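Down below is the structure, laid out as structure tokens.
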Amino acid sequence: MHLLEQIKKYAHENASNVVAMRRHLHAHPELSYQEFETAAFITRQLKTLGLEPITMAGTGIVAEIRGKNPERKTIALRADIDALPIMEANNVAYKSSNNGVMHACGHDVHTSSLLGTAYILTAVKEKFEGTVRLIFQPGEEKHPGGATLMIKEGALNNPVPASIIGQHVFPLLPVGKIGFRTGKYMASSDEIYIRVIGKGGHGAAPELAIDPVVIASHLIIGLQQVISRNASPKKPSVLTFGKVVANGATNIIPDDVQLAGTFRTLDEEWRKEALKKIRVMAATLAESMGGKAEITISEGYPCLENNRELTERIRHDAEQYVGKENTVDIDITMGSEDFAYYSQVIPASFYRLGTRNEAKGITSYVHTPTFDIDEDALTIGPGLMAWMAVNELTR
Ligand code: NI
């Protein structure tokens, strides 16, 4: 039997087990860096397969599946394992039993899918040469990002994998479809906090005060120029202030105003420059109006760059696995992902697993209380990733 057929056979044989694992994880979500039960569950599953998982970065897990001639080449597959602080609104048998915590970004799917991949690769390990490293990482949803911690603790060392592949659910893509994008794919994400300091006073006597509300209003409008006039129109970027706190009253000018926002772009050079411009413009604008601006920037995840050659290769694998008609191009997104950190170290590719099903009413976006997936996606994800892995090892 050809290896592709074997992988499909093992994927089929293990499909209900993968769904059961996904439902277990979905019912027992844990927040970033607190994934203790989740990590224990993953460890148990990997040991059942005869693997030797090791713990990293607190709740992260790495395990290797060694084929014939394991030193020949190593490639890595990654899943993230954490959940979000959201109260689940779905009425399903596997609804979250951890109040206020929910797998609303599909990390339960990524984890169970990679465990499914581990099952398949273990079953066919006599049929490939080299080593597949499985990386189950914590804290994708929270700075500094579990990926940085895993890299720091050596998840990409001894030996350095030739490439790394990540899979993510995608509620905009119908189940059965797989989405790819070469080159720049996801944005960097930095948090911007500005405290505008004026001088409080009576609302009826502004000449005796320095009104930070008016200054903050100018900043909100003025800083948009960084996007509209300084950024190249060919380079997407976005600046959004979603939080503005001015705690005065109808007749009270407050002492200060707090702004909090996010800056995102797909270009690392422009990112550095833009953050500088934001600092300078906020400070000088505030100063020109008699106030002061204290600017704090919390730098987040970098841009995610999908290695062109790797992405083309695994897309070709996907065409063989699900058919050419089921592999599609996807657009860039201004969302961000800590998988980007891996892409800064080794060739990386992050592709999307379609999970939408309008007929079944499964359309909610990630990070919402009604997010869910069509579990038919789990009949594809594990085998597809196994097929990509064995092909990468032969190249
Ligand atoms: Ni996610």
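Structure above, values below:
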{"item": "Test: residue in the range 338-352 that is out of contact with any strand residue (DSSP E or B) (no Cβ under 7 Å at 6 or more places or on another chain) and within 16 Å of the ligand (Cβ to nearest atom)", "result": "yes"}
{"item": "Qualifying residue in the range 123-139 (condition: surrounded by 22 or more Cβ atoms within 10 Å (Cβ to Cβ), farther than 26 Å from Leu3 by Cα and away from the ligand (no atom under 15 Å from the Cβ))", "result": "no"}
{"item": "Boolean, Met334 is closer than 30 Å to Arg195 by Cα, within 16 Å of the ligand (Cβ to nearest atom), of a type in the set (A, V, I, L, M, F, W, C) and surrounded by 15 or more Cβ atoms within 10 Å (Cβ to Cβ)", "result": "yes"}
{"item": "Members of the range 247-260 found to be free of Cβ contacts under 8 Å to residues at least 60 places away in the same chain and surrounded by fewer than 19 Cβ atoms within 10 Å (Cβ to Cβ), listed by number", "result": "Asn247, Gly248, Ala249, Thr250, Asn251, Ile252, Asp255"}
{"item": "Candidates Leu46, Leu31, Leu25, Leu3, filtered to the one that is touching a Lys or Arg at 6+ places or on another chain (Cβ under 7 Å) and at pLDDT 95 or above", "result": "Leu3"}
{"item": "Residues being under 24 Å from Glu268 (Cβ atoms), part of a helix (DSSP H, G or I) and among the small types (Gly, Ala, Ser) - total across the range 306-342", "result": "1"}
{"item": "Elements of type strands (runs of 3 or more DSSP E) contained in the range 154-215, each with 3 or more residues being within 16 Å of the ligand (Cβ to nearest atom)", "result": "164-174"}
{"item": "Failed condition for Glu358, given (1) within 14 Å of Tyr185 (Cα to Cα); (2) away from the ligand (no atom under 16 Å from the Cβ); (3) among the acidic types (Asp, Glu)", "result": "(1)"}
{"item": "Residue check, His143 farther than 30 Å from Ile380 by Cβ, touching a residue at least 24 places away in the same chain (Cβ under 8 Å) and within 16 Å of the ligand (Cβ to nearest atom)", "result": "yes"}
{"item": "Any hit, the range 288-305, residues being outside the structural domain of Val132 (by TED's automatic domain parsing), part of a loop (DSSP other than H, G, I, E, B), away from the ligand (no atom under 16 Å from the Cβ) and on the phi > 0 side of the Ramachandran plot", "result": "yes"}
{"item": "Enumeration of residues in the range 349-367 that are loosely packed, with under 15 Cβ neighbours inside 10 Å and within 28 Å of Asn98 (Cβ to Cβ)", "result": "Lys360, Gly361, Thr363, Tyr365, His367"}
{"item": "Qualifying residue in the range 261-269 (condition: in contact (Cβ under 8 Å) with a residue 60 or more places away in the chain, of a type in the set (Lys, Arg), outside any helix (DSSP H, G or I) and under 30 Å from Pro174 (Cβ atoms))", "result": "yes"}
{"item": "Test: residue in the range 315-329 that is within 16 Å of the ligand (Cβ to nearest atom), within 23 Å of Cys105 (Cβ to Cβ) and in contact with a strand residue (DSSP E or B) (Cβ under 6 Å, 6 or more places away or on another chain)", "result": "no"}
{"item": "Residue match in the range 194-212 (condition: within 28 Å of Pro144 (Cα to Cα), touching a residue at least 24 places away in the same chain (Cβ under 8 Å) and touching a Ser or Thr at 6+ places or on another chain (Cβ under 9 Å))", "result": "yes"}
{"item": "Filtered residues of the range 144-153 (kept if part of a loop (DSSP other than H, G, I, E, B) and within 13 Å of the chain's Cα centre (by Cα))", "result": "Pro144, Gly145"}
{"item": "First in the range 146-157 and on the phi < 0 side of the Ramachandran plot, second anywhere and crowded, with 24+ Cβ neighbours inside 10 Å and polar (S, T, N, Q), Cβ under 6 Å, 6 or more apart", "result": "Gly146/Gln137; Ala147/Gln137; Met150/Gln137"}
{"item": "Options Ile297, Ile346, Ile373: the member that is under 19 Å from the mean Cα position of the chain (by Cα) and surrounded by fewer than 19 Cβ atoms within 10 Å (Cβ to Cβ)", "result": "Ile346"}
{"item": "Complete set of residues in the range 361-382 that are on the phi < 0 side of the Ramachandran plot and more than 15 Å from the ligand (Cβ to nearest atom)", "result": "Ile362, Thr363, Pro369, Thr370, Asp374, Glu375, Asp376, Leu378, Thr379, Ile380, Pro382"}
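Table: residues versus (1) away from the ligand (no atom under 16 Å from the Cβ); (2) surrounded by fewer than 22 Cβ atoms within 10 Å (Cβ to Cβ).
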position: Ile61; (1), (2): yes, no
position: Ile65; (1), (2): yes, no
position: Pro70; (1), (2): yes, yes
position: Val92; (1), (2): yes, yes
position: Asn99; (1), (2): yes, yes
position: Asp108; (1), (2): no, no
position: Ala118; (1), (2): yes, no
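The values are calculated or read from the model by the stated rules, or taken from the named source; none is laboratory data. A quick note: this is a predicted structure, and the numbers were derived from the prediction, not measured. Cβ sites come from the backbone with ideal geometry, for glycine too, and all protein chains shown count toward neighbours.
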